[in-house]
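Single-structure report; data block below.
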Number of protein chains: 4
Amino acid sequence: MCRWLAYSGSPIRLEELLLNRDRSLIDQSLHSRLGATTTNGDGFGVGWYDDANTPRLYRTVHPAWNDRNLRELAGGISSHLFLSHIRASTGTAIQETNTHPFRYGRWLWVHNGLIREFPLLRRELVLAIDDSLFTSIEGTTDSETMFYLALTFGLESDPVGAVERMVGLVEETGRKHGVEHPLQMTIGTTDGQSVYAFRYSSEGESRSLFFSTRMDALKALYPENEALAGLSDETRVVVSEPLGDLEGAWNEVPESHVGIIQPGADELRPFAPQR
Amino acid sequence: MCRWLAYSGSPIRLEELLLNRDRSLIDQSLHSRLGATTTNGDGFGVGWYDDANTPRLYRTVHPAWNDRNLRELAGGISSHLFLSHIRASTGTAIQETNTHPFRYGRWLWVHNGLIREFPLLRRELVLAIDDSLFTSIEGTTDSETMFYLALTFGLESDPVGAVERMVGLVEETGRKHGVEHPLQMTIGTTDGQSVYAFRYSSEGESRSLFFSTRMDALKALYPENEALAGLSDETRVVVSEPLGDLEGAWNEVPESHVGIIQPGADELRPFAPQR
Amino acid sequence: MCRWLAYSGSPIRLEELLLNRDRSLIDQSLHSRLGATTTNGDGFGVGWYDDANTPRLYRTVHPAWNDRNLRELAGGISSHLFLSHIRASTGTAIQETNTHPFRYGRWLWVHNGLIREFPLLRRELVLAIDDSLFTSIEGTTDSETMFYLALTFGLESDPVGAVERMVGLVEETGRKHGVEHPLQMTIGTTDGQSVYAFRYSSEGESRSLFFSTRMDALKALYPENEALAGLSDETRVVVSEPLGDLEGAWNEVPESHVGIIQPGADELRPFAPQR
Amino acid sequence: MCRWLAYSGSPIRLEELLLNRDRSLIDQSLHSRLGATTTNGDGFGVGWYDDANTPRLYRTVHPAWNDRNLRELAGGISSHLFLSHIRASTGTAIQETNTHPFRYGRWLWVHNGLIREFPLLRRELVLAIDDSLFTSIEGTTDSETMFYLALTFGLESDPVGAVERMVGLVEETGRKHGVEHPLQMTIGTTDGQSVYAFRYSSEGESRSLFFSTRMDALKALYPENEALAGLSDETRVVVSEPLGDLEGAWNEVPESHVGIIQPGADELRPFAPQR
């Protein structure tokens, strides 16, 4: 129902990926090809790590395609790591505190998908959030609840395990209330160093998610491409929906997997809910 | 690039036409079938005449589909005459003062279409607006400029003639600057008594515009339809795009014509620019 | 930190009390005399009962003094009962869902004051809200939490008792966490028939609250006053801060009391927290 | 009726002057000491030159004191030159296009004050704007009109002369229409290299304007002050109202003068309208 994008690599202006590409994220806000809804006009957010590697947020309830401040900021700000999201609400209020990315400490979090029958499950899930985290909750979305559950389960020290435990709890809670397929998700989360990209759904038919191919391979394939030339070999992009039409540039994240972009070799691992 | 709707007749809650119908105006804001753009998410406005027949406005830059205040107001306010508009900007800023309807004295005005190459023509057109009206201009759209030109040319005393002279000036000015087809428009305007609905374009291929059929005829055709039962025989709706799927309910306004809904017999007349 | 106003009586346009008076509510948004803060620019809301006695809301995060839609609506809408509020945030996010009045079913609720150390107490208080009500919570304020606690404790059947039990719980919870004076409040709440106006604080120094004097008495005192002439003898206004300067027009609600405006004789009763 | 601030010197995070100081600009938005109005809640803007010395804008209609995006950006963005403004409207609409700074090419512009009887003079002044500039006008304020008049009169090549001619025209036009004191202004404008700060009014009683003292002098006076230590000797701040309470830190710009911050020696010159 939403679209998101994560970038990690050589510092670039945000506009390079948010605005300037064919099939840029903003373009997808008006005309998504692969999304469950074609219009994603219920808010926009970007979180970036600044030159002191502090996470900063710009979030707005205006549609991304007509927000002028977004264009200015995307042109004026460079970052080595950012996470951006366009929202199509599944029912909760259109307000900045319901707009992704969510932030806690050094962590940012975006989600595409939904907890089915969330109103039914909300109280029980919210009660499972740690006392010390409770007061930081500012909105009312399923996505933010998932973030605080993951934090409760140790996101900061064991990101993959924490998300597996969060998903386990959501599925258990959902099934207890008779929800057949409680969860549909792709999730992007980062601490400013590594980026974790999850693709999972209870029904095994998850929303799309793509990784950009290794830059060295791409550069070898397209030696004349200037956009690629300046980027380090470590540079990676993760997206709900491919940007541009460069053949060979994108690999789909397999069903029930998590991809990790990190210093050193990246990883792709199976993902399984835990209780 | 926009959609609009005019209602005149038995007082009804605004929500009946803005929200509750299949293919309601709000529904069209997300998924227009006949419009030049499918998403009309750059603002919403409704002008209604209250119980003292004073025109009132509610205008917002938020997409109509996610504006809660709009739902509340449309549920709480009844009117015998209202004019509503959803906007897809053709380039000018997203702000309330660029959102339709525009109002001057007792008159309301909505426009679908554009003046081609408006930035080129703007100064000359603005200069043709009467001194006394100039200071009431609040926005920067072609649509509002057309309204103030029509007012300059006598909208309040001779509505059809004034719009014909406005169109004549816009076409003359455009052609002087080498614009082949300067104007594309459907326009709805009213003084709280009569509603004027224009369909015209320089190229003779105007955006769609529909009148609802006479209520007595419709009621005879659909005696069991409760929605129709309570409405007076005088009740009429004009829309960019039909609401609902009731066969026989809608007549297209012919190319280069103006329809007039008024006390007594309605009229449909040819429309021709004047200089 | 906020200002509010309740009106019950002969139907009048909202603007009569929100805009047109000396010391109107909107005027107070810029220059409060008696408030803890002088500027109340963090949002505005009005809830009114329409001609079918259905409660409707208009809420905005813009300052009341510069919101044009508010002026239009206040001019175009009449009601026999409305509740309005201007906000000065005590820390929670500026968003419509944190803006008063809050609504549940037929009930509206406004609050001036705060729960001290709310972040510390929030989780425990939220957990005391009934399961069936939990999913209706949309914001993050202390004020909305108090509303849902009062609903949990029977607001709809025993309004005064429910608020006394809510206050009892808040004070008990606060003191358990070492908060000396947990609560400061004036509250206005209504079901569309009766209006309940509470003044209470743990420290016994509550924010100001005033009732308008009986209309028959006022009319006798000011036989030439046209604004009063048209209003029924049942008409009452409750305000955080007096409107206008008519001597004898306002009576302060005593410390730890609740005033009830209702069909038949109004009431003024002592108020005491319950556990 | 507004407050503004210009900074030029060693690159610093915007928050240093917008948020973190005693009497910061945001603090002044709630409680101005020297302004004609105490609340400046009708919008906020900042324009900064980025690392490629391109001017970027962030403008919002929300009050500065409660805008979260502003806090994020001010924390995440550093610049060697920025211009910021908080608005108290003198009547024109609250919308981003009426919010300062205005930008044209490399130039930014902020204004505190007003053209008296602007609605009366507006058309004539707007007509004096150069054809080629006309279409860039986006709002309806006196301040933006002054900017485009100054551009018409050569702001880009002779900034002081252009502003003198603009003021001459405004005064002549005003007096022709019987306005005794047509203009009240402090103006800040910059091309990304030099900053021009004007203080002038037709009545010779202009709004306040202050320059920070030479940094080398200040550092000598306050050798232990860490905030000063890191700033180059070239660093200067111009403000409507002093920040902080450091004695000797601020010099008032004299009546009818213009100060110029530039590479090499700064200047302070008399200012006189020209026709």
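The values are calculated or read from the model by the stated rules, or taken from the named source; none is laboratory data. What you see is a predicted model, and the numbers here were worked out from it, not measured in a lab. Here the Cβ positions follow ideal geometry from the backbone for every residue, glycine too, while neighbour counts run over all protein chains shown. Just the protein is used for accessible areas: all its heavy atoms, side chains included, with ligands, DNA and RNA removed. Shrake-Rupley method; radii C 1.70, N 1.55, O 1.52, S 1.80 Å.
Below are the figures for this structure:
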quantity	calculated
Single residue of segment D:100-120 satisfying the filter (under 27 Å from D:GLU180 (Cα atoms) and touching a Gly at 6+ places or on another chain (Cβ under 6 Å)) that is nearest to the other protein chains (Cβ to nearest Cβ)	D:HIS100
Breaking point among (1) acidic (Asp, Glu); (2) modelled with pLDDT under 95; (3) closer than 30 Å to B:PHE44 by Cα, for A:GLU144	(2)
Check on B:PHE44, open to solvent by less than 10 Å² (accessible area, probe 1.4 Å), more than 9 Å from every other protein chain (Cβ to nearest Cβ), under 21 Å from C:GLY75 (Cβ atoms) and in contact with a helix residue (DSSP H, G or I) (Cβ under 6 Å, 6 or more places away or on another chain)	yes
Strands (runs of 3 or more DSSP E) (entirely within segment C:197-275) containing at least 3 residues that are within 25 Å of C:GLU180 (Cα to Cα) and among the aliphatic types (A, V, I, L, M)	none
Residue match in segment C:231-245 (condition: among the small types (Gly, Ala, Ser) and within 21 Å of the chain's Cα centre (by Cα))	yes
Test: residue in segment D:136-147 that is over 30 Å from C:THR60 (Cα atoms), touching a helix residue (DSSP H, G or I) at 6+ places or on another chain (Cβ under 7 Å) and outside any strand (DSSP E or B)	yes
Top-ranked residue in segment B:78-132 [being open to solvent by less than 10 Å² (accessible area, probe 1.4 Å) and part of a helix (DSSP H, G or I); ranked as nearest to B:ASP50 (Cα to Cα)]	B:THR97
Residue identified as over 28 Å from C:SER10 (Cβ atoms) and either surrounded by fewer than 23 Cβ atoms within 10 Å (Cβ to Cβ) or touching a Lys or Arg at 6+ places or on another chain (Cβ under 6 Å) (or both) among C:GLU247, C:GLU203	C:GLU203
Residues being charged (D, E, K, R) and closer than 24 Å to C:TYR58 by Cα - total across segment B:68-118	6
Residue check for D:LEU169: away from every other protein chain (no Cβ under 14 Å) and not in a helix (DSSP H, G or I)	no
Any chance A:SER256 is at positive phi and of a type outside the set (A, V, I, L, M)	yes
Failed criterion for A:LEU125 (all others in (1) facing chain C (nearest Cβ under 10 Å); (2) under 22 Å from C:SER132 (Cα atoms); (3) hydrophobic (A, V, I, L, M, F, W, C) hold)	(1)
Qualifying residues in segment D:211-242 (those that are among the small types (Gly, Ala, Ser) and buried (at least 19 other Cβ atoms within 10 Å of the Cβ)) - the one farthest from D:VAL110 (Cα to Cα)	D:SER212
Residue check, B:SER24 open to solvent by 10 Å² or more (accessible area, probe 1.4 Å) and either at pLDDT 75 or above or touching a Pro at 6+ places or on another chain (Cβ under 8 Å) (or both)	no
Tally, over segment D:133-152, of residues that are among the aromatic types (Phe, Trp, Tyr) and either within 14 Å of another protein chain (Cβ to nearest Cβ) or surrounded by fewer than 21 Cβ atoms within 10 Å (Cβ to Cβ) (or both)	2
Residue in segment B:159-169 that is more than 19 Å from the chain's Cα centre (by Cα) and open to solvent by less than 10 Å² (accessible area, probe 1.4 Å) present	yes
Residues within segment A:44-82 that are aromatic (Phe, Trp, Tyr) and within 11 Å of A:GLY192 (Cα to Cα), tallied	3
Subset tally (residues that are open to solvent by 10 Å² or more (accessible area, probe 1.4 Å), facing chain A (nearest Cβ under 9 Å) and either within 19 Å of the chain's Cα centre (by Cα) or farther than 16 Å from C:ALA93 by Cα (or both)) for segment D:61-76	1
